[in-house]
Amino acid sequence: MTPDAIALMLVSMLVLWGGLGAAIVNIVRFKGPEPTESMRDL
């Protein structure tokens with residue numbers, strides 16, 4: 001693999017895993033009230 005390909009792979013992995021980590025932190029730190037029912041018509 002060329003150095004350019006390795007760098008692009010590392011950047012994409014950082015974006016994907018960073019987004020996953022940020023989502024997990026956001027879910028864990030959420031302190032709001034839980035909804036009793038959803039108002040969705042499916």
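Please treat every number below as a calculation from the coordinates, not as lab data. Every value quoted in this text rests on a predicted model; they were computed, and no experiment measured them. Positions of Cβ are generated from backbone atoms using ideal geometry, with glycine treated the same way; all protein chains shown enter the neighbour counts.
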### Message
I'm trying to understand the selection: among the residues of region 8-41, which are over 21 Å from the mean Cα position of the chain (by Cα) and either among the hydroxyl-bearing types (Ser, Thr, Tyr) or surrounded by 10 or more Cβ atoms within 10 Å (Cβ to Cβ) (or both)?
### Response
Thr36, Ser38
### Task
Can you confirm whether region 21-36 contains a residue that is among the polar types (S, T, N, Q), part of a loop (DSSP other than H, G, I, E, B) and on the phi < 0 side of the Ramachandran plot?
yes
